[in-house]
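Each reported figure results from applying straightforward, stated rules to the coordinates on display, with no laboratory input. Quantities reported herein were computed from a predicted structural model and do not represent experimental measurements. We place every Cβ from the backbone using ideal geometry, glycine too, and count neighbours over all the protein chains shown.
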Amino acid sequence: MNSQFCAQCSQRLEPNDRFCATCGAAVSARTTKKSPRRRSKKRRRQPPWPLLILVLGGALLILGGLLYQANPPAVVDVPDDHDASGLPYPNIPRISAAETKARVDGGTAVIVDVRSSQEYAEAHIPNALSIPLDDLQQRYQELASDAEIITYCT
């Protein structure tokens, strides 16, 4: 048995209907259609992006490890110079704490703490500026150009 459906609202029509009982549309041989087909839900194949990313990431890690083994970072040997009294790096000019205080109080010097921010937070000289050694090259413009700069790191 061939069922017919309304072309307007898809309701089932009786064999001799001239109008749709639901929407009132005129029924003709050209306006009728067969039973609406239900579309089967086919499972779409997901692209393999997660797997591809994992494979590429693993390959990059392996390549990086091989390059690191082939060219390990150079170790720089910094000589640990001490004078006869045990003072490290005797060729670096030093001034006493009293002389430092006098210069800072006189407004001719600025103290810069070049230790890490964490070490500065734990303890520091009052009014010392915190510019970690790793940041000094980018931040030296913050220092007064007409003042003596006194750094400390211990």
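Both radii were evaluated on the Cα set of the stretch 97-152; the Rg over Rh quotient, with Rh as the Kirkwood radius, amounts to 0.96. Karplus-derived 3J(HN,Hα) values for the stretch 121-132, using 6.51 cos²θ - 1.76 cosθ + 1.60 with θ = phi - 60°, are 5, 5, 6, 7, 6, x, 6, 6, 7, 9, 9, x Hz; glycine and proline are entered as x. First measure r as the distance between the Cβ atoms of Gln141 and Ser116, then evaluate 1/(1 + (r/R0)^6) with R0 = 25 Å and state the FRET efficiency to the nearest 0.05. Calculated transfer efficiency: 0.75.
For the chain, the cysteines with no partner cysteine C-beta closer than 4.7 Å are Cys153. Starting from the Cα of Glu148, step 7 Å toward the Cβ, then list every residue of the stretch 96-113 with an amide N under 15 Å from that point. Once the point is set 7 Å along Cα→Cβ of Glu148, 96-112 turn out to lie under 15 Å by backbone N, inside the stretch 96-113. Treating the chain as a set of equal point scatterers at the Cα positions, no solvent, please give the Debye-formula log₁₀ I(q)/I(0) at q = 0.11, 0.17 Å⁻¹. Evaluating at q = 0.11, 0.17 Å⁻¹ gives log10 I(q)/I(0) of -0.79, -1.07. Label sites at Glu99 and Asn16, each approximated as a point 7 angstrom past Cα along Cα to Cβ, lie 12.4 nm apart. Taking amide H atoms as placed 1.01 Å from N in the peptide plane, the amide H of Gln11 lies under 5 Å from those of Cys6, each 5 or more residues away in sequence or on another chain. As a length-normalised measure over Cα pairs under 8 Å and 6 or more apart, the relative contact order of the chain settles at 13 percent.
A cut-off of 5 Å between modelled amide H atoms, ignoring neighbours fewer than 5 places along the same chain, links Ile149 with Val110.
Site-free segments of the chain were taken between trypsin sites (Lys or Arg not before Pro) in DSSP loops having at most 15 other Cβ atoms within 10 Å, sites themselves excluded; the longest one is 95-154.
For His124, no residue has an amide H sitting under 5 Å from its own, ignoring neighbours fewer than 5 places away on the same chain, with H placed 1.01 Å from N.
For the pair Cys9 and Leu52, label points projected 7 Å from Cα toward Cβ lie 4.9 nm apart.
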